[in-house]
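The values are calculated or read from the model by the stated rules, or taken from the named source; none is laboratory data. These figures come from a predicted structure and were not determined experimentally. FYI the Cβ positions are ideal-geometry reconstructions off the backbone, even for glycines, and counts take in every protein chain you see. Keep in mind that these areas ignore ligands, DNA and RNA; they rest on the heavy atoms of the full protein, side chains included. Shrake-Rupley method; radii C 1.70, N 1.55, O 1.52, S 1.80 Å.
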Amino acid sequence: LGGWITDNISWPWIFYINVPIGLLAAAMTWSIYRKRDPGPRRVPLDVVGLGLLVLFIGAMQIMVDKGKELDWFASGQIVALAVVSAVAFLFFLAWELTEKHPIVDLQLFAQRNFLVGTMSLALAYGLFFGNIVLLPLWLQLYMGYTATWAGLATAPVGLLAILLSPWVGKNVHRIDPRALATVSFVGFGIVIGMRAHFNTQADFITILIPTVLQGAAVAFFFIPLQAIVFSGMSAERMPSASGLSNFVRITAGAIGTSIFTTLWDSRAQLHHARLAESMSQTNSALLQTLAQLRAGGFSEAQALASVNRLIDQQAYTMAVTDLFYLSSAVFFLLVGVIWLARPKLGAGAGGGGGAH
């Protein structure tokens with residue numbers, strides 16, 4: 001859908017469409033919460049903690065955004081950003097754990113459900129988002145898909161999510177949320193495992209089927225994990241818990257994207273080198289291909305460039321399937337992690353003291 005919009009609608013009109021949608025979403029959110037939220041309680045602003053947080057996150061975000069471009073720790077700029085981020089983080093931890101009114105309530109991590117739920121949500125979201133970024137990149141750069149067709153191949157992920165999410169929300173307090181989250185993680189593991197068998201001959205339907213099935217895993221993803229995060233949480237700590245868990249999740253998504261694109265390039269270079277080693281002057285398939293290209297009017301340089309393009313296609317396809325295999329395995333491992341939580345079945349999110 002995003003690809004179709006980019007191809008067919010000019011940027012001014014995209015802006016004109018997005019602004020009303022954003023205002024409508026804001027109005028709906030205000031109508032829901034304006035009568036429930038008594039308003040923030042006035043406490044002294046933790047200026048030092050806020051400054052350290054901005055410095056820590058800002059340096060880390062620039063580092064992950066520029067890391068691939070600057071060849072990571074081979075760059076002095078990346079090293080400097082990493083040092084600034086690490087030092088600011090350590091000072092941030094020390095300050096927040098001793099401040100009377102911290103900007104971030106790190107003591108929430110002392111609660112088992114919050115710790116397990118937030119870490120599982122963050123790791124899974126990083127994997128999920130990394131795969132979301134890689135698939136259309138691979139389709140457009142190495143499978144010949146336009147932005148529109150890449151969008152069509154990835155858009156149906158919402159179909160089953162829309163159908164199943166209401167059922168999950170209705171039953172999350174009746175069914176153990178760990179079981180529901182397990183369905184999600186196993187579903188992601190199976191779907192991404194299907195993608196690990198993709199090759200350069202995969203047609204549109206082969207690519208589309210895992211995307212449609214992934215919608216079921218998405219439906220069981222956010223709601224049960226959020227239920228685990230907030231299980232046993234006292235009402236006054238809910239806003240802090242919500243903000244912190246979402247912050248960790250979004251940060252994990254940004255880091256996951258950077259890591260996945262970097263690993264993709266790294267693995268592709270490895271596969272390219274191995275494939276190129278087999279392309280010697282004694283390779284009959286290579287010689288036949290070059291001869292056919294020359295017969296078709298290609299110069300020597302053009303023929304070699306065409307062969308190199310084919311090697312690139314195979315190398316990046318092998319690299320993306322490597323990451324699909326890795327993601328699938330990690331999702332299955334997360335099943336064991338989520339069962340370390342001890343949510344209170346049938347209790348509301350604000351159902352009393354924290355579970356440890």
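Gyration tensor analysis over the Cα atoms of segment 91-139 returns equivalent ellipsoid semi-axes of 33, 14, 6 Å (largest first, whole Å). Seen from all directions on average, the chain presents a Cα convex hull projection of 22.6 nm². If the segment from Phe332 to Ala235 were pulled out straight at 0.36 nm per residue, it would be longer than the present Cα-Cα gap by 31.6 nm.
Label-to-label distance for Ala94 and Ala291 is 7.3 nm, based on points extended 7 Å past Cα in the beta-carbon direction. Mind checking which of Ser31, Ser245, Ser234 has the largest fluctuation in a GNM of the chain, springs on alpha carbons under 10 Å? Per the Cα network of the chain with a 10 Å cutoff, Ser31 tops the list. In the chain, a dipole from Cβ-located charges (positive for Lys and Arg, negative for Asp and Glu) runs towards its positive end, and of Ala153, Ala181, Leu293 it is Ala181 whose Cα lies farthest in that direction. Based on protein heavy atoms only, segment 193-323 ends up with 47 Å² per residue of surface accessible to a 1.4 Å probe. Quick check: from the Cα gyration tensor, does segment 77-159 come out rounded (a/c under 1.5), prolate or oblate? Here segment 77-159 falls in the oblate category. Close amide H pairs (under 5 Å, H built 1.01 Å from N) link Gly232 with Lys344, Gly351, residues at least 5 positions away or on another chain. Once the chain from Gln313 to Asn171 is taken as fully extended at 0.36 nm per residue, the excess over their C-alpha distance is 46.6 nm.
Scanning the chain for trypsin sites (Lys or Arg not before Pro) lying in DSSP loops with no more than 11 further Cβ atoms inside 10 Å, the longest uninterrupted stretch between such sites is 175-356. Evaluated over the chain, the count of Lys pairs having alpha-carbon atoms less than 30 Å apart is 5 (only pairs 8 or more residues apart or interchain). For the chain, the carbon plus sulfur part of the accessible surface works out to 68%, probe radius 1.4 Å. Kindly list the residues of segment 78-114 that lie in the label zone of Phe247, defined by a backbone N under 11 Å from the point 7 Å along the Cα-to-C-beta vector. Only 93, 96, 102-107 pass the distance filter.
The shape of segment 168-279 comes out oblate: with a ≥ b ≥ c from the C-alpha gyration tensor, a/c is at least 1.5 while a/b does not beat b/c.
Once both labels are positioned 7 Å from their Cα atoms along Cα-to-Cβ, the gap between Phe109 and Trp30 label points is 3.7 nm. Scanning the chain for long hydrophobic helices, with DSSP H runs required to stretch 15 angstrom or more by C-alpha along their axis and to average at least -0.5 on the Kyte-Doolittle scale, returns 11-33, 47-66, 76-98, 112-142, 158-171, 177-195, 204-219, 238-277, 284-295, 300-338.
With the simple spin-label model, which puts each label point 7 Å out from Cα in the Cβ direction, the Gln140 to Leu45 separation comes to 3.9 nm.
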